[in-house]
Amino acid sequence: MKKFILIGILSLIFALSLNSSLQARTEIVDQTCAGFSTSAEFDQWMSYIVAGDQDAASTYATQLFLIGHATIFTKGESVYREDSKIFSGLVKIRRSGDTCGFWIAIEHLE
């Protein structure tokens, strides 16, 4: 009986510690930036910017804004970090109360 109680307590401690480590981290947006629903959309937009084709970048972003696949985050906004791609320098964030996350460059977070 004592073994079962001990195992139960250890399981509860493990579950609580696992739950706290899985919670999203709160971050602050350092500068106003655009966020995109998928990292592929972010990469496509960035490819237009790198190529120097501002018209294409603007058109592409506008199309994504109109269908809800892009948004603007403002400087000082509090967000939750949902995911990150370390080697590509991207991070997925979401606003409090929102269920949809958006990919931005990691440099835009404090």
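Is it the case that region 53-64 has a residue that's of a type in the set (Gly, Ala, Ser), over 24 Å from residue 81 (Cα atoms) and surrounded by 17 or more Cβ atoms within 10 Å (Cβ to Cβ)? Yes: one or more hits. Scanning region 54-110 for residues that are out of contact with any strand residue (DSSP E or B) (no Cβ under 6 Å at 6 or more places or on another chain), of a type in the set (A, V, I, L, M, F, W, C) and within 16 Å of residue 25 (Cβ to Cβ) yields one hit, 86.
Restricting attention to region 62-80, the residues being among the polar types (S, T, N, Q) and under 16 Å from residue 38 (Cβ atoms) number 2. Across region 81-110, the number of residues qualifying as more than 14 Å from residue 39 (Cα to Cα) and not basic (Lys, Arg) comes to 8. Hey, any hits in region 73-93 for a residue that's at pLDDT below 95 and of a type in the set (A, V, I, L, M)? Looking for residues that are at pLDDT below 95 and of a type in the set (A, V, I, L, M), one finds at least one in region 73-93, hence yes. Strands (runs of 3 or more DSSP E) fully within region 62-110 that include at least 3 residues being out of contact with any helix residue (DSSP H, G or I) (no Cβ under 8 Å at 6 or more places or on another chain): 78-85, 90-95.
Being more than 18 Å from the chain's Cα centre (by Cα) and modelled with pLDDT of 95 or more, is that true of even one residue in region 29-47? Yes, some residue in region 29-47 is more than 18 Å from the chain's Cα centre (by Cα) and modelled with pLDDT of 95 or more.
The values are calculated or read from the model by the stated rules, or taken from the named source; none is laboratory data. Values in this document were obtained by computation on a predicted structure and should not be read as measured data. Using ideal geometry, Cβ is built from the backbone for each residue, glycine included, and neighbour counts are taken over all protein chains shown.
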